[in-house]
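For reference, the structure is listed below as structure tokens.
The values are calculated or read from the model by the stated rules, or taken from the named source; none is laboratory data. As the structure is a computational prediction, the values presented were derived from the model and not from experiment. So basically every Cβ, Gly included, is an ideal-geometry build from the backbone, and we count neighbours across all protein chains shown.
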Amino acid sequence: LAKDFVVSGTASESLYGACESMYKPNMEPDELFETVSQALMASVDRDCLSGWGGYVLIVTPTEVREHVVKGRMD
């Protein structure tokens, strides 16, 4: 388990590898969203059972932002 982030879902094994290679501490919310989205899409593309995308929640001390990230649907 990682100390800095949490992943969940069908592609969680792939997500850990992608997040460990892309994540760095103290990222700004927009940079974190882009990094998480790229890691999610890279992991979902590796696992045909993972579906079409996912939800990305960015939690800061002042707000919670939710994004729907859509991927391939083939």
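The numbered conditions (1) within 11 Å of the chain's Cα centre (by Cα); (2) at pLDDT 85 or above; (3) in a strand (DSSP E or B); (4) not aromatic (Phe, Trp, Tyr) are all true for GLY54 except (2). Of all residues in the range 1-41, those being small (Gly, Ala, Ser), surrounded by 14 or more Cβ atoms within 10 Å (Cβ to Cβ) and under 17 Å from HIS67 (Cα atoms) number 3. Could you list all residues from the range 11-36 that are closer than 13 Å to TYR55 by Cα and β-branched (Val, Ile, Thr)? Correct list: VAL36 only.
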